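Read through the structure below, which is laid out as structure tokens, and then see the notes.
The values are calculated or read from the model by the stated rules, or taken from the named source; none is laboratory data. Quantities reported herein were computed from a predicted structural model and do not represent experimental measurements. FYI the Cβ positions are ideal-geometry reconstructions off the backbone, even for glycines, and counts take in every protein chain you see.
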Amino acid sequence: MNPQVEVQLIAVVIAAACALPGVFLVLRRMAMLSDAISHTVLLGIVLGYLISNSLASPLLFIGAIAMGVITVWLVELVSGSGLVREDAAIGLVFPALFSLAVLLISRYAGNVHLDTDSVLLGELAFAPFDRVSFLGLDLPRALVTGAGALSLNFILLFLFYKELKLATFDPALAATLGFTPTLIHYGLMTSVSLTAVTAFDAVGSILVIALMVAPPATAYLLTDRLPRLIGLSVAIGALDAIAGYWIARLFDVSIAGAMATMTGFSFLLAWLFAPRRGIVAQALQHRNRREHFALQMLTLHLLNHEGSGDASIECHPRHLIEELRWQPAFAGAIVRRAEQRGLVRQQGDILCLTEQGRAFARDL
Amino acid sequence: MELFTDYTLRNVTLGSMLLGAISGLLGCFAVLRRQALLGDAMSHAALPGIALAFLLTGQRNTLTLLIGAAIAALAAALWLLAIVRATRIKDDAALAFILAIFFGFGLVLLSHLQRHPNAAQAGLKSFLFGQAAALVERDLWAMLAIGGPALALVLFFWPQIKLISFDPDFAHSLGLPVRRFEILLTGVMVAAIVIGLQTVGVVLMSAMLIAPAVAARQWTHRLETMALLAGGFGALAAFIGAWISTLGEGMATGPVIVLTMSVLTALSLLIAPERGLLWRRFRLVRNRWSEDAA
């Protein structure tokens, strides 16, 4: 495989791995924990490095996952004390741990391949150079670890789908039925940490947040069903990753940054053009409702005065402007629309209902 | 007192204390109004504003860059508000989304600037984690120009802002233009964030809004005392942090300041009279003891 294809493959795999736990973070209103975790895993990596003195040690990986879970636990500890609200607790805990990590790097690990820039940005472009052999194949390390995280997340989702679903949408019922919410919560958080650590190396902490939150948020505008939400999130994340890669190549800019920007762009697109919840769809719906209501007003008005003595006045188009307080342009448009739909007919000066128009008015 | 006589050190000292005091004081409202994480999102969102301001004007003038940062942070806050109002996406997801998107876009712009090198762009990267040692006198004036009016506005509308922070519904029933004051407070928060960007950096600036206020809250029940204490804590932490960071080579100022502030906050949470965790434990033990004695 050439490096270009490999980079895109890595990005797609990581996007998919992030989207799976991301859906539940968004649904459970814990999206900001992804912000906290994706920053603090760095402290776990640094501590693992300082203890083992090697960048290849599994201690880095384990330390990072543990630190993610510890972050969540600390946030709950601080907010559980009743002294600080949860949002402020998140805002207290992760900057402290992240600062510690950044300082430890600049003091004790600045000379090795650990620097604060790649922490935020990641260096996806270099990922294909770090290779391992897996199942007899020579593959980029990030692809293997990313695929590992993706499969693990997928298996966990498959095994605990029912529990997660229930605990997300009806936590009280889930607790009554004997699922332990704490266990599900920490299970999810472990999965988030694991994914963040895996993705972190290649794409940096900011893109981890973008890939965990933006595709599920986008998909949430498009569907109401959980399975579709998950599928769409994965697909959107993967598309954003590929689009971001090509944008970055085209303009010669940061790959991770471009991918994050693309996740924002696809959210905007969905927000504008989503079938039912999109801005355009809502505006159209609003216009249709307005027109429908106006047609009903018009036909009812005509029905009331049909055949009565003042019909020649009441049913004159000009009178509508006064009686119904419509703008002249609007009244004209509505009358034309009613004629098009065969609800009214112009007879000389006045408007007459057709049979269809009478039925339409009585339908109200 | 070399800290106040040496030119560089004086700028560092005064600059960081100014930043700590203003952000600490103004951060109280963010914490009381449960908008702590809005500060985080807005401070990350300032990055593309800095880069765009530089791209458009080609100058590394502090005030220009900070105004760019403020506009980007405000745009982020508005977009966030629109998402929360118009869609069913909740505030936590909207915050994380805005934060990542704006910051990602900022990184795109920064990487673009780096690949088209230009002597003036050197140092834009220090906005990530802050570099207090690079503060010059002009920067202090820029900080004052932004922070001063914000502070004055807050002092002028103090009673109204106080009421809105604690009971917006009651304020509304009294006929106060709550929405306008909320916009004002968001603007004030942006000002507080922006003045810290050079010293603390976009990544960690939110901590300077949140931590001093949380620490101060533990020591008092009065807003006035809390605001003054928060300003004091912020200034103290920023001063100690900036000073430490000038000692070591390559130590970004932001993390040192934030870590210092975190220690102060942790201590406050533990030992503050009445509310502190250790204090409460101590009182429990003492009460048990006196019960046993009786």
Tell me which of these residue B:253 doesn't satisfy, since it passes every other one: (1) buried (at least 24 other Cβ atoms within 10 Å of the Cβ); (2) within 12 Å of another protein chain (Cβ to nearest Cβ); (3) modelled with pLDDT of 85 or more.
(3)
Does residue A:203 satisfy the condition of being assigned to a helix (DSSP H, G or I), among the aliphatic types (A, V, I, L, M) and either away from chain B (no Cβ under 12 Å) or under 19 Å from residue B:108 (Cα atoms) (or both)?
yes
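Report whether or not residue B:207 is crowded, with 21+ Cβ neighbours inside 10 Å and in contact (Cβ under 8 Å) with a residue 40 or more places away in the chain.
Working: crowded, with 21+ Cβ neighbours inside 10 Å: yes; in contact (Cβ under 8 Å) with a residue 40 or more places away in the chain: yes.
Considered against the rule, which asks whether it is crowded, with 21+ Cβ neighbours inside 10 Å and in contact (Cβ under 8 Å) with a residue 40 or more places away in the chain, residue B:207 comes out as yes.
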Among (1) surrounded by fewer than 21 Cβ atoms within 10 Å (Cβ to Cβ); (2) within 19 Å of the chain's Cα centre (by Cα), which single condition is residue B:272 missing?
(2)
Output the residues belonging to segment A:130-187 that are polar (S, T, N, Q) and crowded, with 16+ Cβ neighbours inside 10 Å.
A:145, A:153, A:168
Tell me yes or no: at least one residue of segment A:216-224 is closer than 23 Å to residue A:268 by Cβ and of a type in the set (D, E, K, R).
yes
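Run down A:237, A:257 and say which single residue is within 14 Å of chain B (Cβ to nearest Cβ), at pLDDT below 95 and in contact with a helix residue (DSSP H, G or I) (Cβ under 6 Å, 6 or more places away or on another chain). Break it down into steps so the answer makes sense when it comes.
Numbers: A:237 fails: at pLDDT below 95.
Just one listed residue meets the conditions, A:257.
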For segment A:277-288, pairs from a residue that is more than 13 Å from chain B (Cβ to nearest Cβ) and part of a helix (DSSP H, G or I) to a residue that is surrounded by 11 or more Cβ atoms within 10 Å (Cβ to Cβ) and not aliphatic (A, V, I, L, M), with Cβ under 9 Å and 6 or more apart or across chains, are A:285/A:276
From A:263, A:218, A:195, A:182, which residue is in the same structural domain as residue A:39 (by TED's automatic domain parsing) and without any contact (Cβ under 8 Å) to a residue 40 or more places away in the chain?
A:182
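Could you say which residue among B:253, B:265, B:246 is of a type in the set (Val, Ile, Thr), within 24 Å of residue B:214 (Cα to Cα) and out of contact with any Pro (no Cβ under 9 Å at 6 or more places or on another chain)? Write out each step before concluding.
On the way: B:265 fails: out of contact with any Pro (no Cβ under 9 Å at 6 or more places or on another chain); B:246 fails: within 24 Å of residue B:214 (Cα to Cα).
The conditions single out B:253.
Does residue A:178 satisfy the criteria of being among the small types (Gly, Ala, Ser) and within 24 Å of residue A:71 (Cα to Cα)?
Details: among the small types (Gly, Ala, Ser): yes; within 24 Å of residue A:71 (Cα to Cα): no.
Against the criterion (among the small types (Gly, Ala, Ser) and within 24 Å of residue A:71 (Cα to Cα)), residue A:178 does not qualify.
Return the residue satisfying two criteria in turn: it lies in segment B:84-114 and is among the β-branched types (Val, Ile, Thr) and within 8 Å of chain A (Cβ to nearest Cβ), and of such residues it is farthest from residue B:34 (Cα to Cα). Break it down stepwise before answering.
So the first thing to find is which residues in segment B:84-114 are among the β-branched types (Val, Ile, Thr), and the list is B:84, B:87, B:89, B:98, B:101, B:108.
Now restrict to residues that are within 8 Å of chain A (Cβ to nearest Cβ): B:87, B:89, B:101, B:108.
Numbers: B:87: 21, B:89: 18, B:101: 22, B:108: 31 Å.
Here the answer is B:108.
Out of all the residues in segment A:184-207, is one or more under 26 Å from residue B:86 (Cα atoms) and touching a helix residue (DSSP H, G or I) at 6+ places or on another chain (Cβ under 7 Å)? Steps first, answer last, please.
We begin by selecting, within segment A:184-207, every residue under 26 Å from residue B:86 (Cα atoms); these are A:206-207.
This time we only want the ones that are touching a helix residue (DSSP H, G or I) at 6+ places or on another chain (Cβ under 7 Å), so: A:206-207.
The answer is yes, given that some residue of segment A:184-207 is under 26 Å from residue B:86 (Cα atoms) and touching a helix residue (DSSP H, G or I) at 6+ places or on another chain (Cβ under 7 Å).
Can you list the helices (runs of 4 or more DSSP H) lying wholly within segment B:1-80 that have 3 or more residues being at pLDDT below 85?
Numbers: elements: B:2-5, B:7-32, B:36-57.
The qualifying helices (runs of 4 or more DSSP H) are B:2-5, B:7-32.
Does residue B:201 satisfy being part of a loop (DSSP other than H, G, I, E, B), touching a residue at least 24 places away in the same chain (Cβ under 8 Å) and within 12 Å of the chain's Cα centre (by Cα)? Full working, then the answer.
On the way: part of a loop (DSSP other than H, G, I, E, B): yes; touching a residue at least 24 places away in the same chain (Cβ under 8 Å): yes; within 12 Å of the chain's Cα centre (by Cα): yes.
Judged against the criteria, residue B:201 is a match.
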Would it be correct to say that residue B:88 is within 25 Å of residue A:24 (Cα to Cα) and charged (D, E, K, R)?
yes
Tabulated pairs, segment A:78-90, first more than 7 Å from every other protein chain (Cβ to nearest Cβ), second outside any helix (DSSP H, G or I) and not hydroxyl-bearing (Ser, Thr, Tyr), C-beta under 8 angstrom, 6+ apart or interchain
A:78/A:84; A:79/A:85
Out of everything in segment A:206-263 that is part of a helix (DSSP H, G or I) and polar (S, T, N, Q), what residue ends up being surrounded by the fewest Cβ atoms within 10 Å (Cβ to Cβ)?
A:218
